[in-house]
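The values are calculated or read from the model by the stated rules, or taken from the named source; none is laboratory data. Just so it is clear, the model here is predicted, and its values are computed rather than measured. Virtual Cβ from ideal backbone geometry, glycine too; neighbours counted across all protein chains shown.
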Amino acid sequence: MSALLPFLKPRQPLRLRGRAVYLRPPTPRDYKPWAALRAQSRTFLKPWEPTWPEHDLDRAAFRARLGAYAREMELGEAYAFFIFREDDDALLGAIRLFHVRRGVALTGTIGYWLGEPFVRRGYMQDAVETLIRFAFAGLGLHRLEAACMPENHASAALLAKCGFSEEGYAPAYLKINGAWRDHRLFGLVAPE
């Protein structure tokens, strides 16, 4: 990781600060608050996410997820972060930069979720803007992409507030909640 992030000292934890939130990679100690927030928000999140595996909230599944995140980060392919509220360290949700491509593309895709108790308070906009700074200034990416279903007006509005432009429409783009769903496609190019 230090080769990809030369501005970090070895063993220094990756922590990105926003205005009211901070982002850091998940650790095993986050299991209980993560599982509780996901369980509490299940009905709220279900229409927007892939079908949850039967044991998705089990500790073993969480450990496997952390292992995959660590491998992806080590390879520079993806960066997973949990979102915490700055003033009390409450876990709010998660955000991920994935499908990172180097070479002539220098691009990545973002995805995110927020627990139901924390929506419409500006936390996700803060998190997305923080991740954008990390992607462009920290990783040297040139372009970010995101997608949301047509009826997810809150997500589309959030992306627009963060500077993304709508670029297209992809029929049957992702399998969400058991069905192939159309998505609106958004992009953001790093400022010159």
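Per-structure values
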{"read-out": "Those residues of the stretch 22-46 which are part of a helix (DSSP H, G or I) and under 13 Å from residue 116 (Cα atoms), in sequence order", "value": "34, 36, 37, 38, 39, 40, 42, 43, 44, 45, 46"}
{"read-out": "Total residues in the stretch 95-122, condition of a type in the set (Val, Ile, Thr) and touching a His at 6+ places or on another chain (Cβ under 7 Å)", "value": "2"}
{"read-out": "Residues of the stretch 67-84 satisfying the condition of being crowded, with 17+ Cβ neighbours inside 10 Å and out of contact with any His (no Cβ under 9 Å at 6 or more places or on another chain)", "value": "69, 72, 73, 79, 80, 81, 82, 83, 84"}
{"read-out": "Some residue of the stretch 172-192 being in contact with a Leu (Cβ under 8 Å, 6 or more places away or on another chain) and in a loop (DSSP other than H, G, I, E, B)", "value": "yes"}
{"read-out": "Failed criterion for residue 146 (all others in (1) surrounded by fewer than 18 Cβ atoms within 10 Å (Cβ to Cβ); (2) aliphatic (A, V, I, L, M); (3) under 21 Å from residue 49 (Cα atoms) hold)", "value": "(1)"}
{"read-out": "Test for residue 58: is it farther than 22 Å from residue 15 by Cα and surrounded by 13 or more Cβ atoms within 10 Å (Cβ to Cβ)", "value": "yes"}
{"read-out": "Cross-chain or 6+ apart pairs with Cβ under 8 Å, the stretch 15-37 first and exposed (fewer than 15 other Cβ atoms within 10 Å of the Cβ) and at pLDDT 95 or above, then in a helix (DSSP H, G or I) and of a type in the set (Val, Ile, Thr)", "value": "17/130"}
{"read-out": "Looking only at the stretch 11-49, and only at residues there that are polar (S, T, N, Q) and in contact with an Asp or Glu (Cβ under 9 Å, 6 or more places away or on another chain), the one that is nearest to residue 149 (Cα to Cα)", "value": "43"}
{"read-out": "Output for the stretch 137-162, where each listed residue is among the basic types (Lys, Arg) and more than 23 Å from residue 121 (Cα to Cα)", "value": "143"}
